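Beneath this line is the structure, given in structure tokens, with notes to follow.
The values are calculated or read from the model by the stated rules, or taken from the named source; none is laboratory data. In this text the structure is predicted, and so the values were computed from the model without any measurement. All Cβ positions, even for glycine, are placed from backbone atoms using ideal geometry, and neighbour counts span all protein chains on display.
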Amino acid sequence: MQAADIEKYLAQLGGELQTRGIEQPLHILMIGGAFMLLLAHSSRSTDDVDFFWLDGNDQTLEQAISLWHESVQAVAVNNDLEIDWLNYMTHLLMYGQVTLPKGRVWKKFGPLHIHVPAKEYVLALKIIAGRGKDIVDSRVLLKQTKIRTREQAQALLDRYIPPLTQKVNADGIAKSFKELFEEQP
């Protein structure tokens, strides 16, 4: 997926939700490759749109979840996408392991409200992941933030990533720091 595709699919998802009668806003925080394409203007593509649920109202989410799944599937079918084009697994894997900012509203598509975090937050997530594509994304984000040193990056992690999560992801963090700040001890 490219940036224009992602925006088109999210707009379609908002329309599908509206068609199914969803009126209460559903708030999600977009991260990952979709964030990199749409907000950091990265030149790469992505296979999916990673997100965290932001809705604090569990009743709204419970009432909408089956319609959510129907809507996501409709967008997938209409555009010949994989069913997991909108990736909720990130939320399941990372919930409780990272601080979850509310972000700012980036776009509204009917009842679908897309929030985005600060670039520094995405950088912190990329650093703990430590995969090759995350290192590449981190380099892009470093140019767009004020983070220049390993110490500043560590302070960023301390702001968004709890100590236990840092410990569990120590190998990814070490790899990222080595790749990103090699010239520093």
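Side notes on the structure shown:
- Residue within region 18-27 that is of a type outside the set (Gly, Ala, Ser), surrounded by fewer than 17 Cβ atoms within 10 Å (Cβ to Cβ), in a helix (DSSP H, G or I) and out of contact with any strand residue (DSSP E or B) (no Cβ under 9 Å at 6 or more places or on another chain) present: yes
- Figure legend. Inter-residue proximity from region 61-81: first residues under 17 Å from ALA11 (Cβ atoms), second residues aromatic (Phe, Trp, Tyr), beta-carbon distance below 7 Å, spacing 6+ or different chains. Indicated pairs: VAL75/TYR9; ALA76/TRP85; ASN79/TYR9.
- Scanning region 40-54 for residues that are under 15 Å from GLU7 (Cβ atoms) and touching a strand residue (DSSP E or B) at 6+ places or on another chain (Cβ under 6 Å) gives ASP48, VAL49, PHE51.
- Region 149-185, residues that are assigned to a helix (DSSP H, G or I) and among the polar types (S, T, N, Q): GLN152, GLN154, THR165, GLN166, SER176
- Among the criteria (1) outside any loop (DSSP other than H, G, I, E, B); (2) over 12 Å from MET36 (Cβ atoms), the one LYS146 does not fulfil is (1).
- With respect to being closer than 15 Å to LYS119 by Cα and modelled with pLDDT of 90 or more, GLY21 falls outside the description.
- Checking each residue of region 112-121 against the condition of being closer than 27 Å to GLY14 by Cα, β-branched (Val, Ile, Thr) and in contact with a Lys or Arg (Cβ under 9 Å, 6 or more places away or on another chain) gives at least one match.
- Matching option when the condition is in a helix (DSSP H, G or I), surrounded by fewer than 21 Cβ atoms within 10 Å (Cβ to Cβ) and at pLDDT 95 or above, among VAL105, VAL77: VAL77
- Candidate set from region 44-65 (those that are among the hydroxyl-bearing types (Ser, Thr, Tyr) and modelled with pLDDT of 90 or more); member that is surrounded by the most Cβ atoms within 10 Å (Cβ to Cβ): THR46
- Meets criteria (of a type outside the set (Val, Ile, Thr), under 13 Å from ASN87 (Cβ atoms) and in a strand (DSSP E or B)) for MET30: yes
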